[in-house]
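Heads up, the thing below is written out as structure tokens.
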Amino acid sequence: MVDLNTEFGHRVEKRLREEVVLWLTTVGEDLGPHPRPVWFVWDGSSFLMYSQRDTWKLRHIAKYPLVALHLNSDLEGEDVAVWRGRAEVVEGGPAANEVPEYLKKYSERIVDLGMAIPEFAAAYSVAIRVVPSAVRGA
């Protein structure tokens, strides 16, 4: 997907490990874009994120599974990375508290929200996986 032997590939790989927020853009009933920040982990071939049940994000994905994802740009509007892909709800898991990479990245932030890890996993119990089909950026 991203050639890790390029300067762009090195930057993107580092950012996917370190960035806290990725923007998920779904398509709504109005056929318009609906961006929202999400916490995520990247496993080298797909993005994993979590949602509360009964959200617009899940309704959008059920009807229009093609999504876009992007990282924030730098202050000058550079260092852009945008993916297109297909989102799917992963029925039956894995739960957020069962994914070591997710816990490593977000445990402190979950506690900062005033939630215990099991409480967060119960509240954000719907796993969403996005498999990218294309990436662009500079």
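As a check on your grasp of the helix formula, calculate [θ] at 222 nm for the chain: sum -39500 (n - 2.57) over DSSP H runs of n ≥ 4, divide by the residue count, round to the nearest 500.
-8500 deg cm²/dmol
With Rh defined as the Kirkwood radius, the inverse of the mean 1/r over Cα pairs, the Rg/Rh of the stretch 1-97 is 0.97. The fraction of Cα-Cα pairs per 10 angstrom bin, counted from 0 for the stretch 52-134, comes to 16, 35, 38, 11, 0 percent, rounded to whole percents. Here the stretch 1-117 is assigned +1 on the Cβ of each Lys and Arg and -1 on the Cβ of each Asp and Glu. Its dipole about the Cα centre then comes out at about 360 debye.
How about the stretch 1-87: which GluC sites (Glu not before Pro) there lie in a loop by DSSP and see at most 10 other Cβ atoms within 10 Å? Don't jump to the answer; show the numbers that get you there.
Numbers: sites: Glu7, Glu13, Glu18, Glu19, Glu29, Glu76, Glu78; in loops: Glu19, Glu29, Glu76, Glu78.
Filter output for the stretch 1-87: Glu76, Glu78.
Summary value for the stretch 32-138: 37 percent relative contact order, contacts being C-alpha pairs under 8 angstrom separated by 6+ residues.
Only one residue of Pro94, Ser45, Ala62 has its Cα farthest out toward the positive end of the dipole of the chain, where Lys and Arg carry +1 and Asp and Glu -1 on Cβ, and that residue is Ala62. Using Cβ point charges alone (K and R +1, D and E -1), the dipole size of the stretch 63-114 about the Cα centre works out to roughly 300 debye. Calculated from the alpha-carbon coordinates, the stretch 92-138 shows an Rg and a Dmax of 13.3, 39 Å respectively.
Coordinate-derived values only; no laboratory data. Computed from a predicted structure; not experimentally measured. Please note: Cβ atoms are built from the backbone with ideal geometry, for glycine as well, and neighbour counts cover all protein chains shown.
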